[in-house]
Amino acid sequence: MRASQPGPDPGGVGEPDLNWLLGHVARGDQGAFEAVYDRLAGPVYGLICKVVRDPAQSEEVAQEVLLEVWRSASRFDPARGSAATWVMTIAHRRAIDRVRSASAELQRDQKSAAATAVPAADEVAEAVEASLEAERVRRCLDSLTDVQRESISLAYYGGYSYREVSGLLSVALGTIKTRIRDGLIRLRDCMGVSW
Amino acid sequence: MKLLRHDLHTLTGVYALDAIEGSERDRFERHLHRCQPCGNEVRGLRETAGRLAVAVAGVPPPQLKERVLAAAARTRQLPPLAADRPQSRAERLQSGTEPLPPGTERPPPGTERPPPTAGRTWLPRLAAAFGAAGLAAAIVLGFALSSTQRQLDSARAQDKAISAVLTAPGARILTARSSVGGTGTVIVAVRQQKLIFTATGLPPLSAAKVYQLWLMGPPRIRSAGLLPPPAQGRTPPLLAAGLRAGDQVGVTVEPAGGTSQPTTTPILVMPVR
């Protein structure tokens with residue numbers, strides 16, 4: 001339903017419709033790709049920085065991700081999700097691949113990571129300034145319980161597996177699993193995601 | 001067994017956040033193939049996660065864009081996944097899956113797909129329609145050469161409305177330099193009470209700020225909308241209605257989302273005579 005019409009953009013990144021642009025990217029339209037870049041490079045880079053931390057590495061991963069969008073645009077299926085989410089999913093997975101492979105050689109200090117992975121109030125405040133969508137995200141995050149918010153932040157922004165989150169928060173594995181799901185469902189309803 | 005099912009179903013959340021690894025992940029993905037409600041839930045939760053990304057949007061280093069675009073230009077794209085039928089060799093050649101052997105030619109024109117920019121077909125018509133409004137056409141066609149033209153493409157209704165203003169009898173073009181650099185151009189159709197605003201070279205703003213267009217009349221000041229973010233230094237056309245004779249057109253810098261009345265000194269004001 002939503003997929004065929006340029007409805008409100010799930011990423012909140014604005015018009016024109018990204019699905020439409022990606023269709024053109026899939027056919028080799030470099031101008032359309034540039035438009036996609038202009039729209040999504042900010043969130044892609046921001047998310048990767050959040051997970052990877054190191055700016056130089058983040059830039060590398062962002063380049064890989066954006067190039068992957070160009071390369072595999074034909075594989076994007078609007079029936080299965082929004083274009084922005086497709087791109088963010090690629091970005092998130094690549095970022096996680098990077099930190100998980102890096103953590104083999106360089107053990108991250110889990111404690112300090114735990115302290116910084118949860119967006120601090122002022123970090124969220126910065127994000128709020130970034131857009132009205134961010135404001136809504138913050139409000140919705142605020143409506144979660146502490147465990148829900150912390151586990152979602154650690155998993156998504158911190159790039160930790162839920163087993164790691166369970167260790168970091170000293171909360172049972174099964175509890176983390178359900179808290180994350182319950183929290184995301186609450187966020188979904190709060191943000192009015194209609195997929 | 002029932003418990004196991006339930007257990008699997010609650011993994012939708014951690015799966016949507018890529019927070020599940022290894023064999024557990026594989027097992028859940030197999031389950032997803034069979035469990036439609038799980039698939040639907042994962043989709044919604046992934047969209048939700050995508051919005052968490054938007055909340056932490058950053059400013060990529062400026063050189064990244066050039067590098068990515070250059071890399072794209074020399075990177076072959078994947079063909080679509082063949083849905084029901086095997087691709088013909090011609091299609092493979094065309095989609096670039098298969099390299100052209102030396103000395104062979106591209107498939108004959110009849111077998112080619114429509115060009116990627118089918119959405120542009122209105123342009124020649126638009127250009128033809130603007131014999132009189134040459135400058136206006138030049139402005140619009142100028143956008144056609146940059147990626148922002150696609151924004152026009154994607155909003156056909158707006159295209160129509162914009163062409164209507166451009167071709168309106170008595171439509172006039174005004175330009176003025178802004179106090180912060182760059183030039184604004186307004187095409188006004190007073191009788192239709194409409195105007196189109198575009199700009200070039202306005203300094204980029206942080207995500208927290210936005211350029212807002214105002215109709216500043218003697219009775220009161222009305223918002224005419226937020227200027228779309230520029231692409232390649234060009235601000236895509238903004239169509240506004242409700243113009244009255246005697247109005248001045250102004251632009252201010254406002255907090256993201258805009259305001260109901262200007263809160264800063266206009267960077268540009270043009271009287272509409």
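The values are calculated or read from the model by the stated rules, or taken from the named source; none is laboratory data. From a predicted model like this one, the values you see are computed outputs, not experimental measurements. Every residue, glycine as well, gets a Cβ built from its backbone with ideal geometry; the counts of neighbours run over all protein chains shown.
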The residue that is farthest from the other protein chains (Cβ to nearest Cβ), considering only those in segment B:13-40 that are assigned to a helix (DSSP H, G or I) and modelled with pLDDT of 95 or more, is B:Y15
Of the conditions (1) at pLDDT 70 or above; (2) in a helix (DSSP H, G or I), the single one that A:K111 does not satisfy is (1)
Exactly one of A:L168, A:L173, A:L144 is closer than 21 Å to A:V51 by Cα and hydrophobic (A, V, I, L, M, F, W, C), and that one is A:L168
Of B:V180, B:V186, B:V190, the only residue that is β-branched (V, I, T), in contact with a strand residue (DSSP E or B) (Cβ under 7 Å, 6 or more places away or on another chain) and either more than 18 Å from A:A35 (Cα to Cα) or at pLDDT below 50 (or both) is B:V186
Exercise. Can we say A:R186 is modelled with pLDDT of 65 or more, outside the structural domain of A:I90 (by TED's automatic domain parsing) and surrounded by fewer than 23 Cβ atoms within 10 Å (Cβ to Cβ)?
Worked result: yes
The correct count of residues that are assigned to a helix (DSSP H, G or I) and at pLDDT below 90 in segment A:78-98 is 3
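What do you reckon, is A:R93 closer than 23 Å to B:R43 by Cα and in the same structural domain as A:A26 (by TED's automatic domain parsing)? Break it down into steps so the answer makes sense when it comes.
Values: closer than 23 Å to B:R43 by Cα: yes; in the same structural domain as A:A26 (by TED's automatic domain parsing): yes.
When the stated conditions are applied, A:R93 passes them.
Table: residues versus (1) assigned to a strand (DSSP E or B); (2) closer than 15 Å to B:F197 by Cα.
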residue	(1), (2)
B:V253	yes, no
B:G258	no, no
B:T263	no, no
B:V269	yes, yes
Selection from segment A:19-76 of residues more than 22 Å from B:P229 (Cβ to Cβ) and either hydroxyl-bearing (S, T, Y) or in the same structural domain as A:S153 (by TED's automatic domain parsing) (or both) yields A:S58, A:S72, A:S74
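Do we have any residue at all in segment B:240-251 that's buried (at least 19 other Cβ atoms within 10 Å of the Cβ), without any contact (Cβ under 8 Å) to a residue 60 or more places away in the chain, within 26 Å of B:P60 (Cα to Cα) and charged (D, E, K, R)?
Looking for residues that are buried (at least 19 other Cβ atoms within 10 Å of the Cβ), without any contact (Cβ under 8 Å) to a residue 60 or more places away in the chain, within 26 Å of B:P60 (Cα to Cα) and charged (D, E, K, R), one finds none in segment B:240-251, hence no.
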Does B:L238 meet the test of being modelled with pLDDT of 90 or more and either in a loop (DSSP other than H, G, I, E, B) or closer than 27 Å to B:G170 by Cα (or both)?
no
Per the list (1) in contact with a Gly (Cβ under 9 Å, 6 or more places away or on another chain); (2) at pLDDT 90 or above; (3) outside any helix (DSSP H, G or I), residue check on A:S151 breaks on (3)
